[in-house]
Amino acid sequence: MTTAPTLQELVGDGWIAPRARFATDAALLSLNGEWSFRSSPSRADAPDDLASADGAGWDRIPVPSSWPMHGHGAPAYTNVRFPFPVDPPHVPDENTIGDLVRTFDWPGGPALLRLDGVDAAGEVWVNGRRVGSTAGSRLVHEFDLTDVVRTGTNTVALRVAQWAATSYLEDQDMWWLPGVFRDVAVQALPPGGVQDVRVEAQWADGYGVLIVDVDARDGATALVDVPSLGLTGLATGVAHDVGRVDGWTAETPALVDVVVRTEAERATVRVGFRTITIEDAQLKVNGRRIRIRGVNRHEHHPDLGRVVPAEVVRAELRLMKQHNINAIRTSHYPPHPDLPGLADELGFWLVDECDLETHGFFEVGWRGNPSDDAAWEPAYLDRMRRTIARDRNHASVILWSLGNEAGTGRNLEASAKLSHELDPTRPVHYEGDWSSTAVDVYSRMYAHQDEVDAIGRQAEEPLPDPVADAHRRSLPFLLCEYAHAMGNGPGGLSEYEASFRRHPRTQGGFVWEWLEHGIRRRTPDGREFFAYGGDFGEEIHDGNFVADGLVDADRRPRPGLLDYKKVIEPIGLEIDGARVRVTDGYDFADLAGVELRWTRGSAGGVLALPPVRPGETAEVHLPEGAVGDGVLTVRAVLAADTAWAPAGHEIAWGQAGELPTPTSIAARIPIEDRDGVVHVGPGAFDRRTGRLRSIGGTAVDGPALALWRAPTDNDLGVAQFLEGGVSDAAAWAAAGLDRLHERRVGVRTTEDSLEVETVIAPAALDHRVRMRQRWTTDGDALRLDLVLTPEGAWPSGWARAGVELVLPWAADSIEWDGYGPGQRYPDTGQAQRLGKFAVDGAAALHTDYVRPQENGSRAGVHRLVVARGGCGIVVTGDGFSFTASPWTSSELAAAAHPTDLPPSDRTRLTLDLAEHGIGTASCGPGVLPQHRLDAREVTATLVFRAG
Ligand code: GAL
């Protein structure tokens with residue numbers, strides 16, 4: 001039987017009206033630090049002495065903290081599924097209760113207690129008196145302590161429940177981590193002081209209009225100063241023309257301090273002037289269409305859980321800016337209260353999302369979804385109100401988002417209406433209702449590149465209701481999530497970007513997601529790894545789906561971040577003969593802060609850049625030394641230090657020219673066949689098997705046909721995105737690519753060649769590949785002409801078409817000419833540039849994904865040297881790919897964590913002539929047709945030398 005939740009369960013009780021966060025000269029006492037802590041396995045087990053408890057003899061725990069990160073219980077991960085029966089509003093008896101107690105000294109006078117984040121629900125006592133309760137983990141709750149606080153020592157006690165009725169509204173895809181995970185403080189409330197400030201700072205054509213609404217306590221009068229604009233004593237509640245003022249944008253984050261003063265208190269709000277409009281199916285700021293180059297950002301730390309130290313946050317936002325990211329969706333809850341201020345300062349567009357997700361109801365066909373149940377409306381409205389009240393003064397916030405994946409229903413419509421009422425200056429976002437009737441932007445997640453392009457052309461499938469359809473057609477389009485950055489990938493970014501650039505309506509999107517939520521753990525022998533779902537013995541879990549970021553949990557860039565930076569680069573550099581066409585792809589910033597530098601070989605210099613404004617293109621002539629053979633690189637770098645990167649930081653780059661094509665070998669000299677060994681120049685082959693055993697005395701073993709790779713998360717895919725529900729990895733496994741057997745057809749020698757023919761096929765199946773090798777030499781080098789021919793009815797494509805050599809030694813030097821320094825597959829690796837690269841061993845080419853998988857392929861290679869102790873082999877060819885790894889594909893595929901990979905003293909060298917793309921089928925479109933590798937004939941010539 002369903003019961004309705006109580007109002008207290010839905011919204012808590014005892015709190016004061018939600019309001020903005022602002023700096024003030026009223027005293028603030030942080031209650032962060034050590035608290036006494038005890039936990040009970042259920043409510044029934046929790047002692048009823050908390051109101052009077054002093055915490056003596058209890059454990060200690062830091063605040064803020066997620067208590068499972070401090071030895072109390074364990075983290076648990078599910079994505080969509082609730083980790084308890086779907087029985088709203090009830091939660092199981094097994095419900096960890098954390099009690100926290102501490103004392104604080106107060107000099108006297110009215111005060112409030114502020115809780116910035118309590119997961120999932122808290123109840124509060126001060127000096128033995130109950131003052132109220134919280135509901136809404138990522139929302140601020142403040143309690144007036146005026147009647148309970150004493151001069152001198154006070155005691156505060158919190159009872160926090162892991163599960164509450166509101167857990168049904170907080171089913172975001174992340175770890176379940178209870179605790180008092182954001183700051184706790186006591187704030188003085190001077191009588192006649194400032195209670196709330198609501199600022200509207202609009203901008204048009206260079207001029208600003210300011211309205212400051214103030215709630216002052218005790219009927220006090222508040223006045224407003226804007227010192228940097230020379231304005232003092234402005235009245236509240238009315239519009240003031242402030243004259244000429246710089247507009248705030250994410251590219252030009254101009255802020256002014258607005259000071260609100262009463263006799264008793266002085267509050268400061270940092271304000272940016274800007275106006276958001278929707279016109280011509282475009283989202284505009286200060287009259288111009290903006291391009292969103294965004295990421296979804298969760299709050300997670302590998303050692304602390306939901307607690308992210310301020311310096312880590314600042315560093316990660318700087319890292320975003322350094323990678324051309326200009327927008328953040330605060331998925332899927334309001335961020336730490338300091339984040340919007342940081343975004344104002346550094347320059348980001350924010351989609352500020354309400355703390356709401358009811359995705360678990362999807363598992364039961366959306367039966368009982370609170371989004372459409374009137375009984376839950378107070379919770380929806382309370383959450384929306386709190387989100388807006390706290391962050392409304394921030395220029396960076398350009399859209400309010402109702403939440404994520406909460407289905408459809410009346411409460412969402414009511415939230416949208418409330419948002420419009422509370423803040424008519426900002427449009428509303430919600431992705432979960434594709435009809436978009438209640439919102440102001442058309443938003444989708446993981447839509448296919450072709451569909452996005454169709455939406456850009458206004459050619460999307462119409463909605464059945466013509467009125468709704470006309471409304472949606474009038475809206476700008478955003479991908480609130482795209483390019484799922486799980487494991488090796490995301491592939492296919494360039495095709496999205498092309499649509500964003502082609503059509504004004506498709507304004508960009510937010511990659512899912514910025515950060516992996518790995519939790520640092522150690523093996524018994526002390527090796528660190530990032531744990532994911534299932535590593536904590538969860539009964540149900542969603543494995544490594546919690547680790548799908550552009551950076552790892554320590555904020556170290558994954559290859560995908562570098563690719564994203566290149567794909568979204570806001571400065572175009574097109575080299576055409578002796579000219580560079582420089583395009584300013586920013587929306588507001590000119591290129592005055594940018595310097596152009598060129599390099600070709602060891603030559604280089606700076607190019608004078610004429611003024612270029614947003615949307616304009618300038619032509620710059622290259623000096624003589626820049627034009628000629630080889631590869632020319634032109635880079636746009638910061639001319640001076642900024643708040644987010646030092647002078648010289650690279651924003652964009654372009655290249656022209658090619659690496660020299662290696663000379664092939666022409667002359668042929670006779671081979672020698674003696675003592676069971678066939679000598680083809682430097683190559684020694686086993687006469688019987690035709691296998692290559694050494695090159696110039698360096699041991700090698702191969703080549704073996706390679707069609708398979710250790711499945712990436714994208715190769716494994718998720719069913720809903722897969723045609724016929726079959727992932728690439730499943731198709732390859734069904735076709736037996738990972739279990740091939742070789743049959744020698746013939747090993748023939750002629751006067752000047754060795755010819756080896758093999759047929760390679762999986763057990764139980766009758767499709768195969770015929771591999772023909774012809775080896776010749778000019779005396780110095782060993783040439784392989786290779787033909788791979790699929791035979792029979794191939795039921796799948798291939799992961800790769802290449803040959804594998806096992807080097808029974810660990811390389812200590814690998815050098816190549818080609819794309820580098822990082823990995824590149826047909827639809828990834830946009831960040832890689834042509835050049836000469838060197839590393840000191842195969843481990844340096846390995847990308848350490850939280851779950852080992854195919855990685856590290858270097859592409860477009862013309863020359864490769866793999867050596868140990870100065871001796872090794874050289875391979876040349878016309879743009880092949882290579883992978884040099886300490887591990888075989890099977891070893892990578894078998895490992896759940898990097899620490900499972902066995903010690904290795906050999907090198908697997910795979911030389912690929914073609915590869916399958918990566919795609920984003922882990923949550924999104926698979927590999928696009930142009931990047932797929934079908935079973936097809938592949939021919940190539942590779943030349944080997946001793947080196
Ligand atoms: C989306 C969801 C995100 C995340 C993502 C997959 O559907 O909104 O929270 O779960 O899928 O990683």
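Worth a mention:
- Residue in region 83-102 that is open to solvent by 10 Å² or more (accessible area, probe 1.4 Å), within 16 Å of the ligand (Cβ to nearest atom) and under 22 Å from residue 519 (Cβ atoms) present: yes
- Here residue 719 meets the list (1) at pLDDT 95 or above; (2) under 30 Å from residue 931 (Cβ atoms) almost entirely, failing just condition (1).
- Counting only residues that are open to solvent by 40 Å² or more (accessible area, probe 1.4 Å) and outside any strand (DSSP E or B), region 684-699 holds 5 of them.
- Annotation: of all residues in region 270-314 being open to solvent by less than 10 Å² (accessible area, probe 1.4 Å) and β-branched (Val, Ile, Thr), the one that is nearest to residue 498 (Cα to Cα) is 292.
- Matching residues in region 704-751 - criterion: being over 19 Å from residue 548 (Cα atoms) and open to solvent by less than 10 Å² (accessible area, probe 1.4 Å): 706, 707, 709, 732, 735, 736, 737
- Residues that are out of contact with any strand residue (DSSP E or B) (no Cβ under 9 Å at 6 or more places or on another chain), over 25 Å from residue 116 (Cβ atoms), within 16 Å of the ligand (Cβ to nearest atom) and assigned to a helix (DSSP H, G or I) do not occur anywhere in region 373-396.
- When 641, 686, 629, 673 are checked against the criterion of being within 37 Å of the chain's Cα centre (by Cα) and not basic (Lys, Arg), a single residue qualifies: 641.
- Among the residues of region 534-556, just one is within 13 Å of the ligand (Cβ to nearest atom), open to solvent by 30 Å² or more (accessible area, probe 1.4 Å) and of a type in the set (A, V, I, L, M, F, W, C), namely 545.
- Of the candidates 403, 360, the single residue that is on the phi > 0 side of the Ramachandran plot, within 16 Å of the ligand (Cβ to nearest atom) and open to solvent by less than 10 Å² (accessible area, probe 1.4 Å) is 403.
- Residue that is least open to solvent (accessible area, probe 1.4 Å) [pool: residues in region 882-904 that are assigned to a loop (DSSP other than H, G, I, E, B) and closer than 17 Å to residue 808 by Cβ]: 886
- Search result, residues across region 411-438 that are within 16 Å of the ligand (Cβ to nearest atom) and surrounded by 20 or more Cβ atoms within 10 Å (Cβ to Cβ): 412, 429, 430, 431, 432
- Every residue from region 788-817 that is closer than 20 Å to residue 874 by Cα and either free of Cβ contacts under 8 Å to residues at least 60 places away in the same chain or not in a loop (DSSP other than H, G, I, E, B) (or both): 802, 803, 804, 805, 806, 807, 812, 813, 814, 815, 816, 817
- Residue list for region 14-60, filter: in a strand (DSSP E or B) and surrounded by fewer than 18 Cβ atoms within 10 Å (Cβ to Cβ): 23, 28, 29, 30, 33, 34, 40, 59, 60
- Residue 610 meets each of the listed conditions (1) within 16 Å of the ligand (Cβ to nearest atom); (2) in a loop (DSSP other than H, G, I, E, B) apart from (1).
- Restricting region 612-663 to residues that are touching a residue at least 60 places away in the same chain (Cβ under 8 Å) and in contact with a helix residue (DSSP H, G or I) (Cβ under 7 Å, 6 or more places away or on another chain), the residue that is nearest to residue 835 (Cα to Cα): 649
- Within region 498-522, tally of residues that are out of contact with any Asp or Glu (no Cβ under 9 Å at 6 or more places or on another chain) and either open to solvent by 10 Å² or more (accessible area, probe 1.4 Å) or under 13 Å from residue 549 (Cβ atoms) (or both): 1
- Counted residues, region 164-181 - those being assigned to a loop (DSSP other than H, G, I, E, B) and surrounded by fewer than 24 Cβ atoms within 10 Å (Cβ to Cβ): 2
- Listed by first and then second residue, the pairs with beta-carbon distance under 7 Å, at least 6 apart or on different chains, first residue in region 493-515 and in the same structural domain as residue 317 (by TED's automatic domain parsing), second assigned to a helix (DSSP H, G or I) and among the charged types (D, E, K, R), are 493/563; 499/453.
- Matching option when the condition is in a strand (DSSP E or B) and among the acidic types (Asp, Glu), among 93, 105, 87: 105
- Per-region count, region 241-260, residues touching a residue at least 24 places away in the same chain (Cβ under 8 Å) and either within 15 Å of residue 275 (Cα to Cα) or part of a loop (DSSP other than H, G, I, E, B) (or both): 13
- Taking region 202-213 as the range and being open to solvent by 10 Å² or more (accessible area, probe 1.4 Å) and either within 16 Å of the ligand (Cβ to nearest atom) or touching a Lys or Arg at 6+ places or on another chain (Cβ under 8 Å) (or both) as the test, the residues that pass are 202, 203, 207, 213.
- Filtered residue count, region 343-357, keeping only those that are within 16 Å of the ligand (Cβ to nearest atom) and either open to solvent by 10 Å² or more (accessible area, probe 1.4 Å) or among the hydrophobic types (A, V, I, L, M, F, W, C) (or both): 3
- Single unsatisfied condition, residue 249 versus (1) among the hydroxyl-bearing types (Ser, Thr, Tyr); (2) open to solvent by 50 Å² or more (accessible area, probe 1.4 Å); (3) under 42 Å from the mean Cα position of the chain (by Cα): (2)
- Taking the listed residues 801, 781, the one that is among the small types (Gly, Ala, Ser), modelled with pLDDT of 95 or more and under 21 Å from residue 908 (Cα atoms) is 801, with no other qualifying.
- Test for residue 186: is it in contact (Cβ under 8 Å) with a residue 12 or more places away in the chain, farther than 28 Å from residue 143 by Cα and in a strand (DSSP E or B): no
- Every residue from region 451-488 that is closer than 17 Å to residue 280 by Cβ and within 15 Å of the ligand (Cβ to nearest atom): 478
- Here residue 869 clears all of (1) within 25 Å of residue 937 (Cα to Cα); (2) open to solvent by 10 Å² or more (accessible area, probe 1.4 Å) except the condition numbered (1).
- Residues (crowded, with 20+ Cβ neighbours inside 10 Å, of a type in the set (A, V, I, L, M) and in a loop (DSSP other than H, G, I, E, B)) located in region 666-683: 671
- Taken together, the residues in region 61-82 that are surrounded by fewer than 18 Cβ atoms within 10 Å (Cβ to Cβ) and under 13 Å from residue 160 (Cα atoms) amount to 0.
The values are calculated or read from the model by the stated rules, or taken from the named source; none is laboratory data. This structure is a prediction, so every number in the text was calculated from the model and none was measured. All Cβ positions, glycine included, derive from the backbone under ideal geometry; neighbour counts span all protein chains shown. Side chains included, ligands, DNA and RNA excluded: accessible areas come from the protein's heavy atoms. Shrake-Rupley method; radii C 1.70, N 1.55, O 1.52, S 1.80 Å.
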